[in-house]
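S.K.: Before we start, here is the structure in question, set down as structure tokens.
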């Protein structure tokens, strides 16, 4: 499902909840009318409505669970897709690094893959770890 499906899903979920509430009110009114002449109408009405409330509550819980589960699955799929894209970028970076004999490999890698080097330009990362000696110095 896409973002355009969310309003439809919310509308359907609301309609199912409204139907459940209407069924409870209708059942209550029917039980009130039918059992009003009983010796103890309060106990009879509660006994009749108990199973109805149980069934409607179960169905409402099912709908809410399905809606939340579908939203969670969509988030999982989006995160998985982003992780796969990053993995492909990393594999491309490794392919560039492994196939190159260029002395300025780090600078070449930063151009096509800036997401792997946030906030750094040039050889700052390399020089910072190796005492500013750059590629020509001792390792």
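S.K.: Go through 92, 120, 133 for me and flag whichever is in a helix (DSSP H, G or I) and either on the phi < 0 side of the Ramachandran plot or modelled with pLDDT under 75 (or both). Please lay out each step first, then the result.
M.R.: On the way: 120 fails: in a helix (DSSP H, G or I); 133 fails: in a helix (DSSP H, G or I).
Selected residue: 92, the only one of 92, 120, 133 that is in a helix (DSSP H, G or I) and either on the phi < 0 side of the Ramachandran plot or modelled with pLDDT under 75 (or both).
S.K.: Looking at region 35-56, which of its residues are assigned to a helix (DSSP H, G or I) and touching a helix residue (DSSP H, G or I) at 6+ places or on another chain (Cβ under 8 Å)?
M.R.: Residues satisfying the conditions are 41, 44, 45, 48, 49, 52, 53, 56.
S.K.: Can you list residue pairs whose Cβ atoms sit under 9 Å apart, with the first residue in region 77-92 being closer than 17 Å to residue 111 by Cα and the second being part of a helix (DSSP H, G or I) and at pLDDT below 85? Count only pairs 6 or more apart in sequence or on different chains.
M.R.: 86/115; 86/116; 89/115; 89/116; 90/116
The values are calculated or read from the model by the stated rules, or taken from the named source; none is laboratory data. Given the structure is predicted, the values throughout are model-derived calculations rather than measurements. Don't worry about glycine lacking a Cβ; one is built from the backbone with ideal geometry, like all the others, and counts go over all protein chains shown.
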